[in-house]
Amino acid sequence: MPLLLCTLLLFFAPPFDDPLVKDATPEEESAAQLAKVRRIYIDILTGGDEALKIRDLLMTSLQGSKQFIITEDEEKADATLKGSGDDQVFTDSFQSSDGINAHSQIGGGNSAGTRNYASTSSNHNAALSIGETESRRTEERKHDAIATVRLVKDGDVIWSTTAESLGGKFMGASADVADKIAKRLVADYKAAKKGPSK
């Protein structure tokens with residue numbers, strides 16, 4: 001019986017040069033791992049209070065995609081989303097000045113005299129000065145957010161991205177960043193589920 005089993009295994013074993021047996025590229029392996037992810041735990045992002053807000057927005061965006069189950073229990077997760085985020089409101093100041101100046105001066109002098117009687121003296125001066133300076137200062141309030149995240153499964157990074165925003169048309173910068181990350185992850189997840197393109 002063992003001889004028969006060994007013969008069958010050798011007969012039905014795939015050849016060593018079969019492309020399906022060869023090792024997958026790191027990209028293909030990561031895509032295969034991503035395709036298996038269903039339940040995600042979003043870890044606390046580094047970056048302070050603003051990063052906590054981005055984390056909450058990421059939870060909402062990914063849950064809203066209807067592609068993943070977002071869990072608060074890391075033990076139940078297939079993968080963990082880790083990273084950092086920052087959201088800043090600041091004012092950009094711009095200052096410029098333009099000036100025109102013109103100066104002109106004309107001078108002249110004349111002096112004559114005699115020994116005993118009279119002396120004459122003539123002196124002419126003219127001056128012209130024109131100046132104009134214009135100074136402008138503008139301030140613009142800006143809102144900037146950035147997040148860098150990675151999806152980790154069994155200690156391996158299987159997906160990562162960075163998104164930044166100055167704010168969207170209908171949402172703030174942090175919400176826009178979270179939305180961009182969610183859309184990118186969903187698009188890559190769907191592509192991974194389809195498998196490698198032939």
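The residues in segment 42-72 that are under 23 Å from the mean Cα position of the chain (by Cα), open to solvent by less than 80 Å² (accessible area, probe 1.4 Å) and not hydrophobic (A, V, I, L, M, F, W, C) can be counted, and the count is 8.
Restricting attention to segment 175-198, the residues being modelled with pLDDT under 95, exposed (fewer than 14 other Cβ atoms within 10 Å of the Cβ) and among the aliphatic types (A, V, I, L, M) number 0. Number of residues in segment 42-70 that are in a loop (DSSP other than H, G, I, E, B) and of a type outside the set (S, T, N, Q): the value is 7. Taken together, the criteria place I158 among residues that are surrounded by 15 or more Cβ atoms within 10 Å (Cβ to Cβ), in a strand (DSSP E or B), of a type outside the set (D, E) and in contact with a strand residue (DSSP E or B) (Cβ under 7 Å, 6 or more places away or on another chain).
Applying the set (1) among the small types (G, A, S); (2) out of contact with any Phe, Trp or Tyr (no Cβ under 6 Å at 6 or more places or on another chain); (3) at pLDDT 95 or above to A77 leaves exactly one unmet item: (2).
The values are calculated or read from the model by the stated rules, or taken from the named source; none is laboratory data. The structure displayed is predicted, hence computed values, not measured ones. No Cβ is skipped: glycine too gets one built from the backbone with ideal geometry, and neighbour counts run over all protein chains shown. Side chains included, ligands, DNA and RNA excluded: accessible areas come from the protein's heavy atoms. Shrake-Rupley method; radii C 1.70, N 1.55, O 1.52, S 1.80 Å.
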